Amino acid sequence: MILVKLGGSVVTDKDTPETVDEAALGRAAQALAGVDDDLVVVHGGGSFGHHFASEYGVSRTVGTEDYSEVVGIHDAMCRLNGAVLDALHAEAVPAVPVHPFSAGFRNAVADLVFPTGQVRTLLREGFVPVLHGDAIGHEGKGATILSGDELVVELAERLDARRVGLCSAVPGVYDDDGEVVEHVTSFADVAGALGESESTDVTGGMAAKVEELLALDVPATIFDLDGLDAFVAEEEVGTRIG
Ligand SMILES: Nc1ncnc2c1ncn2[C@@H]1O[C@H](COP(=O)(O)OP(=O)(O)OP(=O)(O)O)[C@@H](O)[C@H]1O
Ligand SMILES: C=C(C)CCOP(=O)(O)O
């Protein structure tokens with residue numbers, strides 16, 4: 001199984017609320033139509049989820065008990081999910097939605113509990129499940145944000161992904177001189193250069209991404225939209241993490 005995350009910074013205009021970058025999303029869908037294996041797609045929040053989460057002051061650790069805020073974040077993510085599904089359908093990819101808010105939760109020690117039988121079954125039945133960052137019920141905190149990157153780590157491990165790719169707005173992880181690093185094996189290697197996202201992002205940008213991916217057993221690759229075809233063709237591209 002191949003797991004690909006489409007960064008919110010790729011498929012949306014992250015600086016204009018609720019704006020899909022149709023051209024970029026179309027290109028991504030076209031590239032994904034070339035995957036010759038089981039495929040799971042996860043997408044990030046971009047100018048949909050992050051816009052609302054930031055307005056309400058909700059993050060992965062700060063929750064909200066206000067139902068209208070939870071629904072506001074979740075609905076925005078469902079709207080973006082609909083756009084991603086439409087783009088994949090236009091390329092004849094049998095994409096179906098899986099909304100994490102209705103599938104999992106965080107327990108009292110903030111661990112993610114996310115049953116994967118639903119995704120596994122959809123894969124076996126020949127579908128391409130499309131998940132996304134979301135609001136998620138959190139014991140003792142109302143609801144917090146689940147990032148697409150956390151989902152990638154969880155699904156890659158539990159579903160035994162063969163390859164994991166993160167398509168982001170940058171061609172890979174930059175070092176202090178702005179050069180793309182080929183291979184990151186420890187957080188310390190690049191900690192100095194790692195920062196948050198330049199746009200509204202409540203889940204920590206590149207630093208959080210690298211930290212989470214390093215915990216994965218299977219190596220993950222970070223690349224940009226220009227690199228997605230190469231990743232699908234199983235060529236070396238961007239930065240390998242782990
Ligand atoms: N050393 C670095 N190398 C590469 N990008 C970096 C670095 N430090 C900070 N960044 C920022 O991290 C951003 C990527 O993280 P971001 O969370 O925005 O990506 P995404 O996953 O595509 O979006 P989303 O979280 O909406 O899904 C880059 O656009 C860049 O601005
Ligand atoms: C902000 C929300 C709702 C999702 C965040 O997911 P990410 O963009 O993958 O970090």
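Using a 1.4 Å probe on the protein heavy atoms only, what accessible surface does His138 show? Give it in Å² to the nearest 10.
Here the accessible area works out near 10 Å².
Amide H of Ser59: which non-local residues (sequence gap of 5 or more, or other chain) have their own amide H closer than 5 Å, using H built in the peptide plane?
Ile145
Leaving out ligands, DNA and RNA but keeping every protein chain, what accessible area does Leu166 have, in Å² rounded to the nearest 10, with a 1.4 Å probe?
That residue has around 10 Å² of solvent-accessible surface.
Just round it to a whole percent: the fraction of Cα-Cα distances in the chain exceeding 25 Å. Don't skip to the answer; put the middle values down first.
Working: 10524 of 29161 pairs.
Roughly 36 percent, rounded to a whole number.
Around Val184, which amide H atoms from residues at least 5 apart in sequence, or from another chain, sit under 5 Å from its own amide H, with H modelled in the peptide plane?
Answer set, sorted by chain and number: Arg240, Ile241, Gly242.
What size of dipole, in debye to the nearest 20, comes out for the range 2-241 about its Cα centre when the only charges are +1 on Lys and Arg C-beta atoms and -1 on Asp and Glu C-beta atoms?
Working: 14 positive and 42 negative charges, 168 e Å.
Taking the Cα centre of the range 2-241 as origin, the dipole is about 800 debye.
Compute the projected area of the convex hull of the Cα atoms of the range 1-82, averaged over all viewing directions, and report it in nm² to one decimal place.
On the way: hull surface 23.8 nm².
The number I arrive at for the range 1-82 is 5.9 nm².
Helix hunt in the chain: which complete DSSP H runs extend at least 24 Å axially by C-alpha with mean Kyte-Doolittle at least -0.5? Before the final figure, lay out the partial values.
Working: long enough: 67-90 (34 Å, 0.51).
Helices meeting the criterion: 67-90.
Pull up all non-local amide H partners of Ala193: gap of 5 or more, or a different chain, and H-to-H distance under 5 Å with H placed in the peptide plane.
none
Given charges of +1 on the Cβ of Lys and Arg and -1 on the Cβ of Asp and Glu, with all other atoms neutral, how large is the dipole of the range 82-198 about its Cα centre, in debye to the nearest 20? Display every interim value, and only then the final one.
On the way: 7 positive and 19 negative charges, 166 e Å.
The dipole magnitude comes to about 800 debye.
Provide the per-residue ³J(HN,Hα) series for the range 4-9, in order, calculated from phi with Karplus coefficients 6.51, -1.76, 1.60 and θ = phi - 60°, each as a whole number of Hz, with x at glycine and proline positions.
Rounded to whole hertz, the list is 10, 9, 8, x, x, 6.
Would you calculate the separation in nanometres between label points at Asp13 and Val71, each defined as 7 Å from the Cα along the Cα-to-beta-carbon direction?
Label at Asp13, label at Val71, 3.0 nm between them.
The values are calculated or read from the model by the stated rules, or taken from the named source; none is laboratory data. Worth saying up front: this structure is predicted, and the values here are computed from it rather than measured. Backbone-built Cβ (ideal geometry, glycine too); neighbour counts: all protein chains shown. Calculation scope for accessible area: heavy atoms of the full protein, side chains included, ligands and nucleic acids excluded. Shrake-Rupley method; radii C 1.70, N 1.55, O 1.52, S 1.80 Å.
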